[in-house]
Amino acid sequence: MSYAIIGFGKIGHALARAFARKGIEVSVATTRDPACFASDAAAIGPTIIPATLADAVKADIIFLAVRFESHPEIAKTLPDWKGKTLIDTMNTLAPLEELDGLPSSAVVAKAFTGARLVKGFNHLAAAILDQDPAVHGGRRVVFLAGDDDGATAEIGALAENLGFAPINLGGLSEGGLLVHARGNRWGHLIFKDLVKFD
């Protein structure tokens, strides 16, 4: 299984550090030349591989960690995203009316034709996501929502491997809204930092 993070801002860095803590290789890419951020990747660890966007989209599982407004451009990188599992970590302040009343992830899913999409890792602020998920003998919770049960289970297993405690909220139309930022209205679970004790 291969992994990539598209977007190397605060969230992208936090996700890369989560992979580095576990020694799992992940490609990181932006729309810029990889040489521009190679030193940042190297500073995180040897398993963080700077890549071109064209190479990053070859991964099986891809984190979308760009600004929401940038996702349509990323979607054009491939004509068909069949066989790819995407994790939408993005938030948007766009009012629900601008999104045709849909959760932002449903809009993203339409752009990435053929992909299996899971909303996840977006409810934590970057500074919290950046921390070790092992907290006082428990594990930091990440909420997941998706319309493909297999994809959600797959990302749940990855979250476990990264040290988090995944909680499946169900489909995008119900669970996705719980972690969706909607203009001035926020989903009930957005930015809630919870720890699960087994």
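The values are calculated or read from the model by the stated rules, or taken from the named source; none is laboratory data. A quick note: this is a predicted structure, and the numbers were derived from the prediction, not measured. Here Cβ is always computed from backbone atoms with ideal geometry, including for glycine, and neighbour counts include all displayed protein chains.
Return the only residue of G138, G150, G175 being within 23 Å of I24 (Cβ to Cβ), touching a strand residue (DSSP E or B) at 6+ places or on another chain (Cβ under 6 Å) and of a type outside the set (V, I, T). Can you show your working first?
Values: G150 fails: touching a strand residue (DSSP E or B) at 6+ places or on another chain (Cβ under 6 Å); G175 fails: within 23 Å of I24 (Cβ to Cβ).
After applying the criteria, what remains is G138.
Of the conditions (1) free of Cβ contacts under 8 Å to residues at least 40 places away in the same chain; (2) not in a helix (DSSP H, G or I), A159 satisfies every one except a single condition; which number is it?
Unmet condition: (2).
Against the conditions (1) of a type in the set (S, T, N, Q); (2) touching a Ser or Thr at 6+ places or on another chain (Cβ under 9 Å); (3) surrounded by fewer than 20 Cβ atoms within 10 Å (Cβ to Cβ), where does N91 fall short? Just the number, please.
Condition (3) is where N91 drops out.
Collect the residues in the range 54-74 that are surrounded by fewer than 18 Cβ atoms within 10 Å (Cβ to Cβ) and within 19 Å of S2 (Cα to Cα), keeping them in residue-number order.
First pass over the range 54-74, keeping only residues surrounded by fewer than 18 Cβ atoms within 10 Å (Cβ to Cβ): 54-55, 58, 60, 67, 69-70, 72-73.
Passing the criteria: A54, D55, K58, D60.
Mind listing just one residue for me: the one in the range 155-170 that is surrounded by fewer than 17 Cβ atoms within 10 Å (Cβ to Cβ) and either small (G, A, S) or modelled with pLDDT under 95 (or both) and, of those, farthest from I24 (Cα to Cα)?
G170
Filter the range 43-72 down to the residues that are closer than 18 Å to I11 by Cβ, over 17 Å from the mean Cα position of the chain (by Cα) and not β-branched (V, I, T) and list them by number.
Matches in the range 43-72: A43, G45, P50, A51.
Table: residues versus (1) in a helix (DSSP H, G or I); (2) of a type in the set (F, W, Y); (3) modelled with pLDDT under 95; (4) out of contact with any Asp or Glu (no Cβ under 8 Å at 6 or more places or on another chain).
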residue	(1), (2), (3), (4)
H123	no, no, yes, yes
Q131	no, no, no, yes
R139	no, no, no, no
L172	no, no, yes, no
L177	yes, no, yes, yes
L189	no, no, yes, yes
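Residue by residue through the range 74-90, note down the ones that are out of contact with any helix residue (DSSP H, G or I) (no Cβ under 8 Å at 6 or more places or on another chain) and within 16 Å of D60 (Cα to Cα). Can you show your working first?
Filtering the range 74-90 for residues out of contact with any helix residue (DSSP H, G or I) (no Cβ under 8 Å at 6 or more places or on another chain) gives 76, 78-80, 82-84.
Residues satisfying the conditions are L78, P79, D80, K82, G83, K84.
Any residue in the range 1-13 that's part of a loop (DSSP other than H, G, I, E, B): show its pairings with residues that are of a type in the set (D, E) at Cβ separation under 9 Å, as long as the two are six or more apart or on different chains.
So the pair list comes out as M1/D60; M1/E154; S2/E25; S2/D60; F8/D40.
In this structure, is L64 in contact with a His (Cβ under 8 Å, 6 or more places away or on another chain) and not β-branched (V, I, T)? It would help to see each step written out before you state the result.
Values: in contact with a His (Cβ under 8 Å, 6 or more places away or on another chain): yes; not β-branched (V, I, T): yes.
Yes, satisfied.
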